[in-house]
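Here is the structure we will look at.
The values are calculated or read from the model by the stated rules, or taken from the named source; none is laboratory data. All of these numbers come straight from a predicted model, not from anything done at the bench. Glycine gets a Cβ as well: all are built from the backbone with ideal geometry, and neighbour counts include every protein chain shown.
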């Protein structure tokens, strides 16, 4: 990799909030711009370049036409990083995977449904090999800066493998369950500094599952706190639907 590597940002189906977080990060850490050359970033510049070593991809794959574009990015880049929950998990886009796709298209587009190509939402790892992930909705700006510095130094990106509950305890937060609310913190990967519970909201799982999560135990806890099966499924599939369906497929044999 050159002394000043070229970096590109790409977006597929997403709200592009993770790219806006990148822009915020670059505003507070302008020194980064001294050591990289950004050649493609639709949110921040009109110029486009096809020569890059590091590619950050935001958004899930939701159309057949997305696949060749992603594969072309993979062919050009030395490193590909999934940026945020949509690229990492399929994101909120993957909620529709539990429903009949024709019904979803009709509901969203009405009599213009056939105008739009689409299929089940997938994280980009199911389309191309990736080298790293930055979780979250949106990503954490500090984690992005640390990850970019690691890549520039030839080190692997490190993300926590423990649950959000650990960060809550370190911050001495009162558990949201004791406040009459529910939370997916026990099964969700940390790294966000427990931002949602810190401000009184339960974790929604946007950073994905920890390794070996005890989902059955959490479902029991949610039931004990008043959620019926439909409400539990809705809560656990806002961001985790793709992972949850994968686990269900394995359990079904």
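Filtering segment 227-251 to residues that are assigned to a loop (DSSP other than H, G, I, E, B), surrounded by fewer than 19 Cβ atoms within 10 Å (Cβ to Cβ) and either in contact (Cβ under 8 Å) with a residue 24 or more places away in the chain or in the same structural domain as residue 98 (by TED's automatic domain parsing) (or both) leaves 227, 238. For residue 104, the stated conditions do not hold, so it cannot be described as more than 30 Å from residue 194 (Cβ to Cβ), modelled with pLDDT of 95 or more and surrounded by fewer than 23 Cβ atoms within 10 Å (Cβ to Cβ). Before we move on, is residue 62 more than 23 Å from residue 25 (Cβ to Cβ), surrounded by 13 or more Cβ atoms within 10 Å (Cβ to Cβ), touching a residue at least 24 places away in the same chain (Cβ under 8 Å) and within 16 Å of the chain's Cα centre (by Cα)? Judged against the criteria, residue 62 is a match.
Looking at segment 139-152, is at least one residue part of a helix (DSSP H, G or I), without any contact (Cβ under 8 Å) to a residue 40 or more places away in the chain and in contact with a helix residue (DSSP H, G or I) (Cβ under 7 Å, 6 or more places away or on another chain)? No, that holds for no residue.
In this structure, does residue 113 turn out to be outside any loop (DSSP other than H, G, I, E, B) and in contact (Cβ under 8 Å) with a residue 12 or more places away in the chain? Criteria not met by residue 113. The residues of segment 16-34 that are in contact with a helix residue (DSSP H, G or I) (Cβ under 8 Å, 6 or more places away or on another chain) and free of Cβ contacts under 8 Å to residues at least 24 places away in the same chain, listed by number, are 26, 33. Against the list (1) farther than 29 Å from residue 17 by Cα; (2) part of a loop (DSSP other than H, G, I, E, B); (3) touching a helix residue (DSSP H, G or I) at 6+ places or on another chain (Cβ under 7 Å), the condition residue 206 fails is (1).
Scanning segment 212-226 for residues that are touching a strand residue (DSSP E or B) at 6+ places or on another chain (Cβ under 9 Å) and not in a helix (DSSP H, G or I) yields one hit, 213.
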